[in-house]
Structures are given as structure tokens and as C-alpha cells.
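A.B. asks: Handing you this structure, nothing more for now.
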Amino acid sequence: KARYGEVPLGDEGGYSPKLGSLEAPFELLVEATKGESPEIKFAIDSAASEFWKEDRYQVLGQSLSAQELLNLYIELTKKFPLISIEDPFAEDDLASFEEIVAKLGQGIDIVGDDLTTTNPERIKEMIIRKSANAVIIKPDQIGTMTEVYGAVKLAQAAGWKVIISHRSGDTPDAFIADLAVGVGADGIKAGSPNPPERRAKYERLIEI
């Protein structure tokens, strides 16, 4: 508040100040976690399909090519403890997904969400293409638990990391915590622990 006045919350409960550069959020996080455990790392969800317009990526007033955006990600991983990038490119920009996996995939999770949509057939295709090395699993994105388990098994068999995730506009239902533990997921994505519908997932994990 001292720096930015009233700061709005994003739809997943996190603080969302208006910042002027891509580095600024990471710098705030570094400052906020200074003195905390060195195990704290950063993960981002670029949701790049949202800023893909006319075959270019529109970022903070700049119009970037896929190669320029890739270079930007590479620079961020050098400057900050960034270990995971979700949907770094638009869902149909498969060549760029393949390139970022080739360039960063040894140390960084390149996570498919819009890319893979919890769909076993889509995941199978992306495994063959090496377009990611991790996947978001959202039960209500595909519709049946049979398909969810199929998607998880495919990803795990390929050596991909599995992250069980909430959706925007969530409810207090905490089932994804049980699912994450039950399938041996590598992570859970449940948003900020501020709103009660997000906190329910963390409380259920503690309970388990």
C-alpha cells in the first residue's frame, strides 16, 4: 500500500499491483522472500494465448516475435530463481514450445495447460512432439475422472511432471488436494491462501 496505494487482487486471490516492467514482479518477490528458505523458487503462468495478436506477442506495449519472447524468458531464468513457465507461448505456436523445451527443458518445467487441456489425446501428441515436460491437470476441464487418470498416466509414463490445478471462479470444494496426493502429483496449483475457496485446498492437504 505504501508503494502502490490500494492493490487489487487477481481472480486467484494474489496481489496484482500495476508494474512497469517484466522484471518488477520478480524483484518484489525476491524482496518479499529475502531471509526466507533458500528453497523458495518462482513459477509463472504466462497464459500467452491471451496476448497473442496478429502473429505477435503484445507485452507491455511491445510487439514481440516468438524468438524475442523466448529470449526474454531465457533472460528471466538467468536473473531470478524461476523453475517453471506455464503456457509460455500461444497454444497453437507449437514450434515455439518445442524450441523452449529444447533450450530450457533441462532445468525448467515447461508446463502445458491451454496447450494440453487435460486431454489424453492432446497430451499424447505433445509428448511425441516434445512440446512440454510438465502438465496442468484440471478435472473439470476434460469432464470425466477416467480421462483425468488417463492424462496423468500418460504424462507420468513420459517422465513429465504433473500439477493438479484449480480453475478460476473456484468453490470451497477441496477434492483436488485429495487427487494430487492420490496420483502422486509433483505439485498442486491452488492460488493465494487468502480467499477461503483457495485456502480450503491447503487446509485439506495439511489434514491429509
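A.B. asks: Kindly evaluate PRO8 against the criterion of being within 30 Å of GLU197 (Cα to Cα), in contact with a Ser or Thr (Cβ under 7 Å, 6 or more places away or on another chain) and open to solvent by 70 Å² or more (accessible area, probe 1.4 Å). Steps first, please.
C.D. replies: Values: within 30 Å of GLU197 (Cα to Cα): yes; in contact with a Ser or Thr (Cβ under 7 Å, 6 or more places away or on another chain): yes; open to solvent by 70 Å² or more (accessible area, probe 1.4 Å): yes.
Criteria met by PRO8.
A.B. asks: Would you say ALA47 is hydrophobic (A, V, I, L, M, F, W, C) and at positive phi?
C.D. replies: On the way: hydrophobic (A, V, I, L, M, F, W, C): yes; at positive phi: yes.
For ALA47, the condition - hydrophobic (A, V, I, L, M, F, W, C) and at positive phi - is met.
A.B. asks: Right, next: State all residues of the stretch 12-23 that are more than 16 Å from ILE74 (Cα to Cα) and either in contact with a Cys (Cβ under 9 Å, 6 or more places away or on another chain) or surrounded by 12 or more Cβ atoms within 10 Å (Cβ to Cβ) (or both); if no residue qualifies, say none.
C.D. replies: GLU12, GLY13, GLY14, TYR15, SER16, PRO17, LEU19
A.B. asks: Report those strands (runs of 3 or more DSSP E) wholly inside the stretch 100-193 carrying at least 1 residues which are in contact (Cβ under 8 Å) with a residue 40 or more places away in the chain and over 27 Å from ILE208 (Cβ atoms).
C.D. replies: none
A.B. asks: Another question about this same structure. Hey, any hits in the stretch 74-82 for a residue that's in a helix (DSSP H, G or I) and in contact with a strand residue (DSSP E or B) (Cβ under 7 Å, 6 or more places away or on another chain)?
C.D. replies: The first filter runs over the stretch 74-82 and keeps only residues in a helix (DSSP H, G or I), leaving 74-79.
Keeping just the survivors that are in contact with a strand residue (DSSP E or B) (Cβ under 7 Å, 6 or more places away or on another chain) gives 76.
Yes, some residue in the stretch 74-82 is in a helix (DSSP H, G or I) and in contact with a strand residue (DSSP E or B) (Cβ under 7 Å, 6 or more places away or on another chain).
A.B. asks: Please state which one of ALA102, ALA32 is closer than 20 Å to ILE136 by Cα, open to solvent by 60 Å² or more (accessible area, probe 1.4 Å) and out of contact with any helix residue (DSSP H, G or I) (no Cβ under 6 Å at 6 or more places or on another chain). Full working, then the answer.
C.D. replies: On the way: ALA32 fails: closer than 20 Å to ILE136 by Cα.
Testing whether each residue is closer than 20 Å to ILE136 by Cα, open to solvent by 60 Å² or more (accessible area, probe 1.4 Å) and out of contact with any helix residue (DSSP H, G or I) (no Cβ under 6 Å at 6 or more places or on another chain) leaves just ALA102.
A.B. asks: Same structure, new question: Does ARG199 fit the bill of being among the basic types (Lys, Arg) and either over 27 Å from GLU98 (Cβ atoms) or in a strand (DSSP E or B) (or both)?
C.D. replies: yes
A.B. asks: Still on this structure, please answer the following. Cβ-Cβ below 8 Å, separation at least six or inter-chain, first residue in the stretch 64-92 and of a type in the set (Val, Ile, Thr), second open to solvent by 40 Å² or more (accessible area, probe 1.4 Å) and not in a strand (DSSP E or B): which pairs?
C.D. replies: Cβ pairs passing all conditions: ILE74/LYS103; THR77/GLY107; ILE83/LYS41; ILE83/GLY107.
A.B. asks: Follow-up. Quickly run through the stretch 53-64 and pick out the residues that are open to solvent by 30 Å² or more (accessible area, probe 1.4 Å) and either among the small types (Gly, Ala, Ser) or under 22 Å from LYS18 (Cβ atoms) (or both). Write out each step before concluding.
C.D. replies: As a first pass, look at the stretch 53-64 and keep what is open to solvent by 30 Å² or more (accessible area, probe 1.4 Å): 53-56, 58, 60-63.
Answer for the stretch 53-64, where residues must be open to solvent by 30 Å² or more (accessible area, probe 1.4 Å) and either among the small types (Gly, Ala, Ser) or under 22 Å from LYS18 (Cβ atoms) (or both): LYS53, GLN58, LEU60, GLY61, GLN62, SER63.
A.B. asks: Return the residue satisfying two criteria in turn: it lies in the stretch 35-47 and is aliphatic (A, V, I, L, M) and assigned to a loop (DSSP other than H, G, I, E, B), and of such residues it is most open to solvent (accessible area, probe 1.4 Å).
C.D. replies: Here is the first cut: in the stretch 35-47, the residues aliphatic (A, V, I, L, M) are 40, 43-44, 47.
Retained after the next criterion (residues that are assigned to a loop (DSSP other than H, G, I, E, B)): 40, 47.
Values: ILE40: 65, ALA47: 26 Å².
Restricting to residues being aliphatic (A, V, I, L, M) and assigned to a loop (DSSP other than H, G, I, E, B), the top hit is ILE40.
A.B. asks: Considering only residues of the stretch 160-174 that are over 18 Å from the mean Cα position of the chain (by Cα) and exposed (fewer than 14 other Cβ atoms within 10 Å of the Cβ), which is farthest from MET126 (Cα to Cα)? I'd like the intermediate steps shown before the answer.
C.D. replies: Our first condition is that a residue be over 18 Å from the mean Cα position of the chain (by Cα); within the stretch 160-174, this holds for 171-174.
This time we only want the ones that are exposed (fewer than 14 other Cβ atoms within 10 Å of the Cβ), so: 171-173.
Details: THR171: 30, PRO172: 32, ASP173: 30 Å.
Top of the filtered list is PRO172.
A.B. asks: Right, another one. Out of the stretch 108-139, which residues are modelled with pLDDT under 95 and open to solvent by 60 Å² or more (accessible area, probe 1.4 Å)?
C.D. replies: Narrowing the stretch 108-139 to residues modelled with pLDDT under 95: 139.
Hits for the stretch 108-139: nothing passes.
The values are calculated or read from the model by the stated rules, or taken from the named source; none is laboratory data. Only a predicted model underlies this, so the values are computations on that prediction, with no experimental measurement involved. Note: ideal-geometry Cβ built from the backbone for every residue, glycine included; neighbour counts use all protein chains shown. Just so you know, the surface numbers come from the protein's heavy atoms only, side chains and all, with ligands and any DNA or RNA stripped out. Shrake-Rupley method; radii C 1.70, N 1.55, O 1.52, S 1.80 Å.
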